[in-house]
Amino acid sequence: MRIKFATAAMLLGASAATAGDAPASSKAEAVLANACVRCHGADSKKGGLDLSRRDATLKGGETGPAVEPGKPDESLLIEKVAGGEMPPKTPLKPDEVEALRAWVAAGATYGREPITPPRAGADWWSLRPITSPTPPPLDAGAAGQVRTPVDAFILAKLEEAGLTPAPEADRAALMRRVSLDLVGLPPTPEEVAAFVADADPLAYEKLVDRLLASPHYGERWGRHWLDVVRFGESEGYETNMPRANAWPYRDYVIRSFNRDTPFPRFVAEQLAADALPPSEGDDWLVQAATGFLVGGTHDIVGNATIEGMKQQRVDDLDDVITATGTAFLGLTVNCARCHDHKFDPILQKDYYGMQAVFAGVNHASRQVEAADVANRRARAALVREEVAKIDLELDQLEPLARLDADAPTRPMVDPRRNVERFAPVKARMVRMTILATGDPNQPCLDELEVYSAGPSPRNVALATAGGTASASSEYPGAAIHKIAHLNDGLHGNGRSWISQSPGRGVATVAWPEAVAIDRVVWGRDREGAYKDRLPIHYLIEAAEAPDSWRVVASSIDRAAFQPGAAEPPAPALPAEAAARRDALVKRRAELAAELAGLGDKISVYAGMFSQPGPTHLLRRGDPMQPTAEVPPSAIAAVKPGWAWDASPGAPEAERRLALARWIGDPANPLPARVMVNRLWHYHFGRGLVATPSDFGFNGAAPSHPELLDWLAARYIAEGWRLKPIHRLMVLSAAYRRSSRIDPKAREVDAQNRLLWRVTPRRLEAEAVRDAVLAASGQLDLIMGGPGYNIWEKNSNYVAIYRPRAELGPDAFRRMIYQFKPRSQQDPTFGSFDCPDAALVAPRRNTSTTALQALDLLNSRFVVQQSEAFARRIAAEAGPDPEKQVERGFALALARPPSAAERAAGSALIRSHGGPAFCRALYNANEFVYAP
């Protein structure tokens, strides 16, 4: 008989339990547990085969028995494993195959049932209390190489393996390495020269302290954290609309790293800044910290079915739980969503206890009060006053509406703003009758303004001035498209009115007393994001009473509407008037940009919070199959225990605060280990635990467990501050070593797990782009605020991000400030393994592809920067090509050229020009690698 085996089966090799003189059944059971029953067990049964019990094994899978007891040569199980077919990715070792063969020959008996995959218990290494081991003793020769206690742990392992560490790197290479590591920017040639010449034995220590104190440290290490917490600036899913106000969370992270915020505080701010006492949590940037909770993707389309709505909700909460578990705890808590975690001691009940903690978190923007409200209000009043004067002067330049025109005398309608100017008439009401739109949709107006005539015009239709609005109909079911928005003084699609009738509608505004009016202003979307639903044929009428309407303007004298046409041209004016208009338009744009940032409150994408209803454990994770109610809680197997007696109805904010306190408790063994390991990962290219966000059974075991605990204990003792731990790491001899290869050491430890040298590391995309700009002299070091955008503006309901054809100085800031949509990469540097931001990325891939070389050689950005780089070295070094080569090497690689490099570089400049030489420097491996 033959059985059908699944091709995605048995993933792990057998454990050490198969070694020695254990009975045949014990050896075989170890192989089955480690390599087989994950896919062929009671829960999965791939191919219909369950190897966890003897009767199921004898019964076999879809086509018959897997084992013929006493007959290994007739058993398909032995045939498959002996042929290397199973497990498909990791074939068994010969001794493991023989263990199974002997087991079948002996009758295939089971010593225990069921056989289950090995898993972590509450005594798993990462869940044990943190110890503070004493650095190991070393012989005299090795002890002399210790610069910080870190080295004692590293050298002890090297001694044990019989390996000699590489010598220290030269000073220029070491400075470039530590500068790129700590601030993400290359040192200047002058800084390198000063450091190389500095005879002070503490010169390196002073350099490290200066870099740690630099504000650019927060930009470098904040970027690492943003990877860990899946920060992006768009919604994701198919619409992928931008989140224009997500950037404050990025600035909060940068500032937190610069301030070296203690970890427990860092956690509390990100989980519950809104609930912290006013003396601690009233800083607006701190209030942006809960952007962590809603930093993931969110489907804004919605789902009409109850099943779909519930599924979307639990998916949002799963994203929060996943990010919290991986970022702070290094645990894959989300694996317990449908059942108890198969490998770690995390119960399904624990998962839903955490869901209860976050059940009141909702994706939304929140208004937080600006720190300088009084100054903002005063300045905003002055700006509005100046804008009103400019609008009046600009509107006076608009041609009068003509009702008798037999040819166009005014431009076609503009989706943003249209001025209907006419001779003054006395009126108490105005109505706009829309007869057609530019598409088949219902018409939309974001505001209908009516201005009094005279030297001090005012909008008499405003609701705050007593105006009222009415309309023929209202778009059903949309809270942002209401009649009341016609005269609320707020602009944009989010505060607009839409008719219920395709192509038609009537909007009316009235005010208490009749006044002389001479201008009506309307728009579809004053913010310019939307152009659909635009009225193109209309009448505008005014009246003192409901039975005395008269037409004052219409679309009859406007140019014919052309879908997709460019912005309507301004009316022709004499040269002097046209120049004045251009100056006014420019000034008004400047004031509008300033006014946009002068509100009393700042909108941040940091979530909204509400008291949730009951949380239930869901059978197999199905929101339509709730079972028992679950109170807020943490993970029972992780000490300390949940110290807060939480009831199912506990206040929403207290839940998040309690979880933050539990995470930041010194008795919690995970966070300190996770955080110091993240630092080690970024400094050395590989963590002491190679899986930075998974300290569970499926994660890697620590290469230096004693060192990990020593660092974690030191981190807590230093007040949970990272900078002292950075200092311990980068001042160590292990960090200062050269990258020289020792053939003997490579034969023993090819992956350099024992750190006998420093492995050169490819820079991340952000560091490469920043270094390109730094070398060319174009890097803008301004910090904070909204990011720069390299994408063309999108005006559809589904965001389409097209790269700008040309980038100017506005896009020359550090790459951390680049607006980051999900599922879209920088057209030049995205090929350097940028994370997508849809999921957490605790460890970036490092690929080597032809596209990277092509981008660095031929992209418009690099060509542009090569030209700027060439102009810089010509200005700083003079016309001599050899001097230019020396300056170019100093700026790009922090070292002088060799004689051969100088000759080749100067020949390249003479034959093809400076930009070609600079492009060659940008494409050198040395440029994109930290030494």
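Search the stretch 196-211 for residues that are β-branched (Val, Ile, Thr) and pair each with any residue that is at pLDDT 95 or above and not in a loop (DSSP other than H, G, I, E, B) when their beta-carbon atoms are under 7 Å apart and the residues are at least 6 apart or on different chains.
Correct list of pairs: Val196/Arg171; Val196/Ala172; Val208/Val178; Val208/Arg727; Val208/Val730.
Here is a list of conditions, (1) within 30 Å of Gly699 (Cα to Cα); (2) among the aliphatic types (A, V, I, L, M); (3) within 19 Å of the chain's Cα centre (by Cα), and Ala364 meets all of them except one; can you say which number that is?
(1)
Criterion first (modelled with pLDDT of 95 or more, under 15 Å from Asp525 (Cβ atoms) and either surrounded by 22 or more Cβ atoms within 10 Å (Cβ to Cβ) or in contact with a helix residue (DSSP H, G or I) (Cβ under 7 Å, 6 or more places away or on another chain) (or both)) does Leu445 satisfy it?
Spelling it out, Leu445 is indeed modelled with pLDDT of 95 or more, under 15 Å from Asp525 (Cβ atoms) and either surrounded by 22 or more Cβ atoms within 10 Å (Cβ to Cβ) or in contact with a helix residue (DSSP H, G or I) (Cβ under 7 Å, 6 or more places away or on another chain) (or both).
Need the failing condition index for Asp557 against (1) in contact (Cβ under 8 Å) with a residue 60 or more places away in the chain; (2) surrounded by fewer than 11 Cβ atoms within 10 Å (Cβ to Cβ); (3) farther than 23 Å from Trp497 by Cα; (4) not hydrophobic (A, V, I, L, M, F, W, C), just the number.
Every listed condition holds for Asp557 apart from (2).
I need the full set of residues from the stretch 731-759 which are surrounded by fewer than 15 Cβ atoms within 10 Å (Cβ to Cβ) and over 32 Å from the mean Cα position of the chain (by Cα), in order please.
Arg740, Ile741, Pro743, Lys744, Arg746, Glu747, Val748, Ala750
Return the residues of the stretch 312-338 that are closer than 17 Å to Leu271 by Cβ and among the charged types (D, E, K, R); say none if nothing qualifies.
Asp316, Asp318, Asp319
Conditions: (1) surrounded by 23 or more Cβ atoms within 10 Å (Cβ to Cβ); (2) over 16 Å from Tyr735 (Cβ atoms). Val676 meets all but one. Number of the miss?
Looking at each condition in turn, Val676 falls short on (2).
Please indicate, with yes or no, whether at least one residue in the stretch 686-700 is crowded, with 18+ Cβ neighbours inside 10 Å and either among the aliphatic types (A, V, I, L, M) or not in a loop (DSSP other than H, G, I, E, B) (or both).
Yes, because at least one residue in the stretch 686-700 is crowded, with 18+ Cβ neighbours inside 10 Å and either among the aliphatic types (A, V, I, L, M) or not in a loop (DSSP other than H, G, I, E, B) (or both).
Given the criteria out of contact with any His (no Cβ under 9 Å at 6 or more places or on another chain) and modelled with pLDDT of 95 or more, does Ala650 qualify?
no
For the condition surrounded by fewer than 18 Cβ atoms within 10 Å (Cβ to Cβ), in contact with a helix residue (DSSP H, G or I) (Cβ under 7 Å, 6 or more places away or on another chain) and farther than 27 Å from Pro165 by Cα, what is the one hit in Pro666, Pro671?
Pro666 is the lone residue from the list that is surrounded by fewer than 18 Cβ atoms within 10 Å (Cβ to Cβ), in contact with a helix residue (DSSP H, G or I) (Cβ under 7 Å, 6 or more places away or on another chain) and farther than 27 Å from Pro165 by Cα.
Can you name every residue in the stretch 818-846 that is within 14 Å of the chain's Cα centre (by Cα) and among the aromatic types (Phe, Trp, Tyr)?
Phe819
Any residue that is touching a helix residue (DSSP H, G or I) at 6+ places or on another chain (Cβ under 9 Å), among the hydroxyl-bearing types (Ser, Thr, Tyr) and either farther than 26 Å from Arg769 by Cβ or assigned by TED's automatic domain parsing to the domain that holds Ala327 (or both) - is there at least one of those in the stretch 201-208?
yes
Condition (residue is assigned to a loop (DSSP other than H, G, I, E, B) and within 16 Å of Arg769 (Cα to Cα)) applied to the stretch 866-874: is it met by at least one residue?
No; the residues of the stretch 866-874 include none that is assigned to a loop (DSSP other than H, G, I, E, B) and within 16 Å of Arg769 (Cα to Cα).
Pick from Ile602, Ile663: which is among the β-branched types (Val, Ile, Thr) and more than 18 Å from Ile130 (Cα to Cα)?
Sole residue among the options that is among the β-branched types (Val, Ile, Thr) and more than 18 Å from Ile130 (Cα to Cα): Ile602.
Just the residues that are of a type in the set (S, T, N, Q) and in a helix (DSSP H, G or I), please, taken from the stretch 875-927.
If the condition is that a residue be of a type in the set (S, T, N, Q) and in a helix (DSSP H, G or I), then Gln884, Ser906, Ser911, Asn925 are the ones that fit.
Here is a list of conditions, (1) closer than 20 Å to Arg727 by Cβ; (2) part of a helix (DSSP H, G or I); (3) in contact (Cβ under 8 Å) with a residue 60 or more places away in the chain, and Leu158 meets all of them except one; can you say which number that is?
All conditions pass for Leu158, except number (1).
Which of the residues spanning the stretch 528-562 are in contact with a Phe, Trp or Tyr (Cβ under 9 Å, 6 or more places away or on another chain) and either among the small types (Gly, Ala, Ser) or not assigned by TED's automatic domain parsing to the domain that holds Thr437 (or both)?
If the condition is that a residue be in contact with a Phe, Trp or Tyr (Cβ under 9 Å, 6 or more places away or on another chain) and either among the small types (Gly, Ala, Ser) or not assigned by TED's automatic domain parsing to the domain that holds Thr437 (or both), then Ala542, Ala543, Ala553, Ser554, Ser555 are the ones that fit.
Kindly establish whether Ala479 is in the same structural domain as Met432 (by TED's automatic domain parsing), free of Cβ contacts under 8 Å to residues at least 12 places away in the same chain and either part of a loop (DSSP other than H, G, I, E, B) or under 45 Å from the mean Cα position of the chain (by Cα) (or both).
Yes, satisfied.
Any idea which residue in the stretch 235-272 is nearest to Asn789 (Cα to Cα), counting only those that are among the small types (Gly, Ala, Ser) and modelled with pLDDT of 95 or more?
If we take residues in the stretch 235-272 being among the small types (Gly, Ala, Ser) and modelled with pLDDT of 95 or more, then Ala246 is nearest to Asn789 (Cα to Cα).
Please determine, by comparing only the residues of the stretch 486-531 that are hydroxyl-bearing (Ser, Thr, Tyr) and part of a loop (DSSP other than H, G, I, E, B), which one is surrounded by the fewest Cβ atoms within 10 Å (Cβ to Cβ).
Ser501
Which residue is surrounded by the fewest Cβ atoms within 10 Å (Cβ to Cβ), if the candidates are limited to the stretch 404-422 and must be in contact with a Leu (Cβ under 7 Å, 6 or more places away or on another chain) and not aromatic (Phe, Trp, Tyr)?
Top of the filtered list is Arg421.
Restricting the search to the stretch 704-730, which residues are surrounded by 19 or more Cβ atoms within 10 Å (Cβ to Cβ) and part of a loop (DSSP other than H, G, I, E, B)?
Across the stretch 704-730, the qualifying residues are His704, Trp720, Leu722.
Among Pro614, Pro563, which is the only one that is within 30 Å of Met432 (Cα to Cα) and in a loop (DSSP other than H, G, I, E, B)?
Pro563
Does Pro827 count as out of contact with any Asp or Glu (no Cβ under 6 Å at 6 or more places or on another chain), in a loop (DSSP other than H, G, I, E, B) and surrounded by 14 or more Cβ atoms within 10 Å (Cβ to Cβ)?
So Pro827 passes the test.
Mind checking which residues of the stretch 196-228 are within 19 Å of Arg147 (Cα to Cα), more than 35 Å from the chain's Cα centre (by Cα) and part of a helix (DSSP H, G or I)?
Of everything in the stretch 196-228, just one residue is within 19 Å of Arg147 (Cα to Cα), more than 35 Å from the chain's Cα centre (by Cα) and part of a helix (DSSP H, G or I), namely Ala203.
Could you run through the stretch 807-823 and say how many residues are in a loop (DSSP other than H, G, I, E, B) and either touching a residue at least 40 places away in the same chain (Cβ under 8 Å) or among the hydroxyl-bearing types (Ser, Thr, Tyr) (or both)?
7
Conditions: (1) within 30 Å of Ala156 (Cα to Cα); (2) surrounded by 22 or more Cβ atoms within 10 Å (Cβ to Cβ); (3) of a type in the set (A, V, I, L, M). Ile635 meets all but one. Number of the miss?
All conditions are met except number (1).
What do you reckon, is Val192 farther than 24 Å from Leu763 by Cβ, in contact with a helix residue (DSSP H, G or I) (Cβ under 7 Å, 6 or more places away or on another chain) and not aromatic (Phe, Trp, Tyr)?
no
The values are calculated or read from the model by the stated rules, or taken from the named source; none is laboratory data. Since the structure is predicted, the reported quantities are computational estimates derived from the model, not experimental observations. Cβ: placed from backbone, ideal geometry, glycine included. Neighbour counts: every protein chain shown.
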